[in-house]
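**Q** Okay, handing you the structure first.
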Amino acid sequence: MRCKQASIDDISNDETVIKPTSPTLNPSPSPSPSPGLSSPTLFQSKMAFSSPISPSYSSHLSLKHFKANGTKLSTINKIYPFSLLQRSPFLKVDFCSQWERGESSKFSISAAVTSKEYSLDGALENTQLPKGDCWSVHKFGGTCVGTPERIGNVAEIITADQSERKLVVVSAMSKVTDMMYDLIYKAHSRDDSYIIALDAVREKHKLAAVDLLDGDDLASFLSKLQDDINNLKAMLRAIYIAGHATESFSDFVVGYGELWSAQLLSSAVRKNGVECKWMDTREVLVVNPTSSNQVDPDYLKSEERLEKWYSNNPSKTIIATGFIATTPQNIPTTLKRDGSDFSAAIMGALLKAGQVTIWTDVDGVYSADPRKVSEAVILKTLSYQEAWEMSYFGANVLHPRTIVPVMQYDIPIVIKNIFNLSAPGTMICRSSGNEYEDGQKLESLVKGFATIDNVALVNVEGTGMAGVPGTASAIFSAVKDVGANVIMISQASSEHSVCFAVPEKEVKAVADVLESRFGQALSSGRLSQIAVVPNCSILAAVGQRMASTPGVSATLFTALAKANINIRAIAQGCTEYNITVVVKREDCVRALRAVHSKFYLSRTIIAVGIVGPGLIGGTLLDQLKDQTAVLKEKFNIDLRVMGITGTRTMLLSESGIDLSRWRELLSVKGEMTDMNKFVHHVRGNHFIPNTVMVDCTADSDIASHYFSWLHRGIHVVTPNKKANSGPLDQYLKLRALQRQSYTHYFYEATVGAGLPIISTLRGLLETGDKILRIEGIFSGTLSYIFNNFTNSRAFSQVVKEAKEAGYTEPDPRDDLSGIDVARKVIILARESGLQLELSDIPIQSLVPEPLRASASPEEFMQQLPQFDQQLAAQRQEAEDTGEVLRYVGVVDVVNGKGTVELQRYNKEHPFAQLSGSDNIIAFTTERYAKQPLIVRGPGAGADVTAGGVFCDILRLASYLGAPS
């Protein structure tokens with residue numbers, strides 16, 4: 001669509017159109033009274049114009065109206081001296097009336113003929129304001145014009161824009177608005193330093209002009225700048241003397257920043273060879289202040305003034321001041337903070353422009369604050385409603401009211417980065433409603449997430465509120481009286497309570513006024529309490545397609561639950577453009593990252609703390625090092641080891657330990673172990689929503705921390721058997737906590753190292769099978785020993801070989817005692833539903849009684865050959881009957897007991913056919929009664945055990961949202 005101008009074809013052939021021009025025009029001398037138009041009053045009454053009280057009017061009049069009032073055409077020609085009127089019965093006349101203090105009516109008149117064979121003076125056509133999408137509106141913020149170099153860059157962008165017509169809205173140079181407010185503050189505080197501060201303002205703009213301009217443009221600007229500074233000095237002096245600054249004084253002073261930047265930019269554009277004019281928008285924009293921080297534009301008056309301004313300053317390129325405007329009484333005012341965006345949108349609406357471009361220092365609108373969510377993405381498009389919601393909830397998108405002016409004309413807003421011109425930016429426009437674009441699914445159902453910090457919840461509750469009309473009205477009327485801003489409201493259908501959020505700085509005043517207003521209701525018991533919950537934040541999820549898609553709320557709340565985030569209040573409108581939740585302030589960033597990860601499939605990031613960098617822990621760290629890049633690239637899993645601790649030394653990192661050097665770093669940069677500090681550090685990074693502690697020790701003291709870790713929302717992964725085989729009451733308490741929360745506790749490696757023993761057992765139980773018996777060789781060490789305890793080999797010789805191969809613990813008695821197998825039996829028994837203590841399990845120890853108290857492992861190994869004879873006899877006895885010896889653990893679920901002992905098996909039995917350090921477990925169940933379900937594989941070794949732990953960590957990532 002091209003710019004539309006009124007032409008002779010636009011005027012009806014049946015009537016003459018008469019309408020007013022802006023009441024602010026300088027009126028031309030009124031015509032002398034003529035027959036039929038003896039006075040202004042008679043003219044108004046006969047022509048149905050408005051009364052002298054209202055100078056704005058618009059009437060469409062035909063020539064027959066003149067004739068009906070006895071007015072001759074010749075008389076009209078005297079009033080409107082256009083010779084063409086005698087040849088064409090059609091005209092368009094603009095009137096401007098000014099009635100002040102009894103002054104005479106004055107009119108400004110222009111005409112356009114409808115006949116194509118006649119044309120008016122070309123000057124008239126040039127001064128008429130064209131409208132339409134030939135206009136492009138640009139807005140450049142303070143950062144964009146913060147330095148002379150940047151102003152020059154902006155001038156280049158304007159020059160390169162190929163639009164037919166351009167209007168550019170510009171803010172004050174960076175920091176200047178703050179400097180101007182500081183001037184006012186110093187002056188009304190009677191601080192003499194306002195004079196020095198004003199000199200700094202002058203110097204900043206003088207230096208910018210010297211860098212940018214030369215010749216007459218430079219001289220003109222510096223002269224005008226000095227005049228402005230002199231005026232400001234006088235005004236600030238008045239404020240200084242009075243010790244007070246009215247709002248209009250403040251607005252007038254602050255607006256100078258925009259005036260100077262607009263003049264500088266217009267001169268820079270002209271220097272590039274582009275003819276342009278600069279506009280003081282106080283001459284054009286008329287607004288009605290509605291509160292201390294909001295104004296309503298008067299579009300009719302603004303349009304009239306814009307047309308008047310353009311008629312005097314026709315140009316295809318206009319540089320306009322942002323932020324400032326005037327009241328209907330011609331008093332300078334502002335559009336309040338961030339009002340330059342609003343200015344651009346208003347000007348776009350007045351011009352019915354094709355596009356409004358907001359230039360800033362980011363590539364577009366992000367799906368979340370990139371300072372809090374590093375994986376936030378640039379949104380290609382946003383609907384007007386989505387942008388509105390996100391800006392309301394604090395997203396750095398636009399001034400919340402910027403959307404309104406452009407919506408009614410479907411004018412798109414584009415957010416662009418002035419420092420990255422190649423970035424496509426974000427377009428805000430009317431939603432097309434299409435689910436797919438170019439065959440690809442559009443962006444996430446939730447377009448973006450925004451947060452508001454430093455809020456407090458106020459909860460008014462009491463049984464006396466239920467069903468009582470006007471209670472909510474009385475509450476919010478009281479809140480309004482103290483000028484507090486209610487950000488969110490939540491009320492249950494029972495009407496028992498009303499909960500709402502306000503800025504934390506306003507909550508005391510709100511609580512005080514409510515307690516005063518409802519004092520009687522509180523004392524009588526109709527209201528039970530007015531409670532304040534401080535230190536809260538609001539998290540809002542915004543998306544237009546949320547309304548038509550089931551399960552969005554469920555996904556949001558599940559993501560928060562899995563990150564162990566407690567929700568204090570919820571609000572959702574029926575349009576479903578927005579779901580708002582209130583959380584603790586300390587949880588806000590983790591909550592934001594958790595929900596963003598869930599909806600945008602960004603990486604599932606887990607902060608990992610490794611406890612015990614010994615054989616298993618060290619192997620795990622090496623495995624993590626080798627696999628980290630693959631997990632990030634292919635599986636969107638980001639495992640960041642934030643800390644490693646041993647018994648004496650720990651290593652902490654803010655961003656993640658370099659696993660290729662973890663041994664060196666632990667040795668060189670390690671500090672004294674402090675478990676509380678370690679846990680706090682790993683858990684304390686609010687940018688990572690999920691934390692897991694991986695206990696690779698066999699320490700019961702470390703296991704005692706599991707309950708508090710889970711209670712704090714820290715997931716636990718471990719091969720340590722001490723917690724699950726310890727005192728029954730502690731085990732039951734631990735599992736109860738884990739089951740009632742979204743915190744995960746994985747311990748697959750406690751029984752079968754890398755074998756899926758626990759998961760297999762759970763699968764059988766969860767699918768309704770009934771466990772009858774679990775029998776197995778659970779120790780890889782003892783499996784190796786008895787697989788090699790054949791022929792004439794001595795038992796002590798095989799144990800020594802196993803120790804040298806690394807299969808045994810440093811003290812082989814830990815394996816030979818059977819206690820490790822007993823712990824595994826207890827774990828499986830408890831998983832099967834039996835409530836057994838470790839002391840309930842009879843254990844056949846393979847450590848000879850005299851050697852159980854040996855001073856050292858070395859001494860034990862030296863004396864063990866003395867007892868080879870006993871086990872050799874048992875082996876021979878088994879071989880004589882075609883059997884082998886195996887050290888097994890048994891869970892007898894039917895009889896509710898467990899045993900650990902040396903048993904004999906036929907050589908055809910699966911237990912007799914093992915090799916190396918394999919483990920084997922047989923599940924006898926109602927489904928697998930005739931043929932037990934058997935799990936077999938390596939059951940010992942650091943690589944296998946670390947692999948089992950690693951698998952649990954990845955299982956945790958899957959539960960937390962990583963794609964499976």
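The values are calculated or read from the model by the stated rules, or taken from the named source; none is laboratory data. Everything numeric in this text was worked out from a predicted model, so none of it was measured. All Cβ positions, glycine included, derive from the backbone under ideal geometry; neighbour counts span all protein chains shown. The area values use the complete protein model at the heavy-atom level, side chains included, leaving out ligands, DNA and RNA. Shrake-Rupley method; radii C 1.70, N 1.55, O 1.52, S 1.80 Å.
**Q** Restrict the check to segment 180-192 and report whether at least one residue is assigned to a helix (DSSP H, G or I), on the phi > 0 side of the Ramachandran plot and surrounded by fewer than 15 Cβ atoms within 10 Å (Cβ to Cβ).
**A** no
**Q** Scan segment 419-466 residue by residue and report those that are in a strand (DSSP E or B), under 25 Å from Ser553 (Cβ atoms) and at pLDDT below 70.
**A** Within segment 419-466, Tyr436, Lys441 qualify.
**Q** In addition: For the structure I just gave you, tell me whether Ser250 is open to solvent by 10 Å² or more (accessible area, probe 1.4 Å), among the polar types (S, T, N, Q) and not in a loop (DSSP other than H, G, I, E, B).
**A** Yes: the conditions hold for Ser250.
**Q** Which residues, counting only those in segment 143-174, are among the small types (Gly, Ala, Ser) and surrounded by fewer than 22 Cβ atoms within 10 Å (Cβ to Cβ)?
**A** Gly146, Gly152, Ala160, Ser163, Ser174
**Q** Based on what the data block shows, is Arg823 touching a Phe, Trp or Tyr at 6+ places or on another chain (Cβ under 8 Å) and under 30 Å from Gly768 (Cβ atoms)?
**A** Taking the combined requirement at face value, the residue does not satisfy it.
**Q** Then there's this: Out of segment 228-247, which residues are open to solvent by 70 Å² or more (accessible area, probe 1.4 Å) and in a helix (DSSP H, G or I)?
**A** Listed by number, the residues that qualify are Asn230, Asn231, Lys233, Arg237, Ile241, Glu247.
Residues checked against (1) in a helix (DSSP H, G or I); (2) charged (D, E, K, R); (3) in contact (Cβ under 8 Å) with a residue 24 or more places away in the chain:
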residue	(1), (2), (3)
Ala531	no, no, yes
Pro534	no, no, yes
Leu539	no, no, yes
Arg545	yes, yes, yes
Ala554	yes, no, no
Cys588	yes, no, yes
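**Q** May I pose another question? Go over the candidates Leu710, Leu665, Leu651 one by one and state the one that is surrounded by 21 or more Cβ atoms within 10 Å (Cβ to Cβ), in contact with a strand residue (DSSP E or B) (Cβ under 9 Å, 6 or more places away or on another chain), within 30 Å of Asp811 (Cα to Cα) and touching a residue at least 12 places away in the same chain (Cβ under 8 Å).
**A** Leu651
**Q** Return the residues of segment 845-863 that are within 60 Å of the chain's Cα centre (by Cα) and closer than 22 Å to Asp892 by Cβ; say none if nothing qualifies.
**A** Ser845
**Q** Another question, then. Please verify whether Leu222 is surrounded by fewer than 17 Cβ atoms within 10 Å (Cβ to Cβ) and over 41 Å from the mean Cα position of the chain (by Cα), treating the condition exactly as stated.
**A** Yes: the conditions hold for Leu222.
**Q** Name the residue that is nearest to Ala957 (Cα to Cα), counting only residues in segment 591-635 that are of a type in the set (Ser, Thr, Tyr) and crowded, with 19+ Cβ neighbours inside 10 Å.
**A** Among residues in segment 591-635 that are of a type in the set (Ser, Thr, Tyr) and crowded, with 19+ Cβ neighbours inside 10 Å, the one nearest to Ala957 (Cα to Cα) is Thr604.
**Q** Looking at this structure, is Gln491 open to solvent by 60 Å² or more (accessible area, probe 1.4 Å) and either in contact with a strand residue (DSSP E or B) (Cβ under 6 Å, 6 or more places away or on another chain) or modelled with pLDDT of 80 or more (or both)?
**A** yes
**Q** Just the residues that are open to solvent by 40 Å² or more (accessible area, probe 1.4 Å), assigned to a helix (DSSP H, G or I) and within 12 Å of Pro812 (Cα to Cα), please, taken from segment 848-860.
**A** Answer for segment 848-860, where residues must be open to solvent by 40 Å² or more (accessible area, probe 1.4 Å), assigned to a helix (DSSP H, G or I) and within 12 Å of Pro812 (Cα to Cα): Glu858, Glu859.
**Q** While we're here: Restricting the first residue to segment 275-286 and requiring it to be closer than 17 Å to Gly257 by Cβ and modelled with pLDDT of 95 or more, which pairs with a second residue that is of a type in the set (S, T, N, Q) and in a helix (DSSP H, G or I) meet a Cβ separation below 6 Å and a spacing of at least six or different chains?
**A** Short answer, once both residue conditions are applied: Trp278/Gln263; Trp278/Ser266; Leu285/Ser302.
**Q** Filter segment 919-936 for residues that are in a strand (DSSP E or B) and either on the phi > 0 side of the Ramachandran plot or among the charged types (D, E, K, R) (or both) and give the result.
**A** Listed by number, the list holds a single entry, Arg936.
**Q** For segment 313-359, how many residues are within 22 Å of Met180 (Cα to Cα), open to solvent by 10 Å² or more (accessible area, probe 1.4 Å) and assigned to a strand (DSSP E or B)?
**A** Residues meeting the conditions: 1.
**Q** Taking segment 773-792 as the search range and keeping residues that are open to solvent by 30 Å² or more (accessible area, probe 1.4 Å) and at pLDDT below 90, which one is nearest to Asp699 (Cα to Cα)?
**A** Thr790
**Q** So which residues in segment 512-552 are closer than 18 Å to Met465 by Cα, modelled with pLDDT of 90 or more and open to solvent by less than 10 Å² (accessible area, probe 1.4 Å)?
**A** Across segment 512-552, the qualifying residue is only Leu514.
**Q** Output yes when any residue across segment 826-840 is in a helix (DSSP H, G or I) and over 30 Å from Lys733 (Cα atoms), and no when none is.
**A** No: zero hits.
**Q** Checking the conditions here, which among Ser261, Ser291 is surrounded by 21 or more Cβ atoms within 10 Å (Cβ to Cβ), of a type in the set (S, T, N, Q) and within 25 Å of Thr402 (Cα to Cα)?
**A** Answer to the check: Ser261.
**Q** A further question on this structure: When you check Thr177 against the structure, is it touching a helix residue (DSSP H, G or I) at 6+ places or on another chain (Cβ under 7 Å), open to solvent by 20 Å² or more (accessible area, probe 1.4 Å) and within 15 Å of Lys271 (Cβ to Cβ), yes or no?
**A** Taking the combined requirement at face value, the residue does not satisfy it.
**Q** Among the candidates Gly818, Gly833, Gly754, Gly763, which residue alone is in contact (Cβ under 8 Å) with a residue 24 or more places away in the chain, closer than 28 Å to Ile953 by Cβ and open to solvent by less than 50 Å² (accessible area, probe 1.4 Å)?
**A** Gly754
**Q** Give segment 193-211 a look and list any residue that's within 17 Å of Leu222 (Cα to Cα), surrounded by fewer than 17 Cβ atoms within 10 Å (Cβ to Cβ) and of a type in the set (A, V, I, L, M, F, W, C), or say none.
**A** Within segment 193-211, Ala200, Leu207, Val210 qualify.
**Q** Would you mind finding the one in Val377, Val356, Val373, Val362 that is over 20 Å from Asn293 (Cα atoms), of a type in the set (Val, Ile, Thr) and touching a His at 6+ places or on another chain (Cβ under 6 Å)?
**A** After ruling out the rest, the residue left standing is Val373.
**Q** Let me ask something additional. Being within 14 Å of Ser779 (Cβ to Cβ) and open to solvent by 20 Å² or more (accessible area, probe 1.4 Å), is that true of even one residue in segment 916-926?
**A** Checking segment 916-926: at least one residue is within 14 Å of Ser779 (Cβ to Cβ) and open to solvent by 20 Å² or more (accessible area, probe 1.4 Å).
**Q** Also, I was wondering about something else. Within segment 798-825, which residues are aliphatic (A, V, I, L, M) and part of a helix (DSSP H, G or I)?
**A** Val798, Val799, Ala802, Leu816, Ile819, Val821, Ala822, Val825
Rundown of residues vs (1) among the small types (Gly, Ala, Ser); (2) outside any helix (DSSP H, G or I); (3) more than 40 Å from the chain's Cα centre (by Cα), yes/no style:
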| position | (1), (2), (3) |
| --- | --- |
| Arg202 | no, no, no |
| Gln226 | no, no, yes |
| Glu258 | no, no, no |
| Leu265 | no, no, no |
| Gly273 | yes, yes, yes |
| Arg282 | no, no, no |
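**Q** Also, I was wondering about something else. Pairs needed: first member in segment 212-225, acidic (Asp, Glu); second member anywhere, surrounded by 14 or more Cβ atoms within 10 Å (Cβ to Cβ); C-beta distance under 6 Å; at least 6 residues apart or different chains.
**A** Hits for this filter: Asp217/Ser267.
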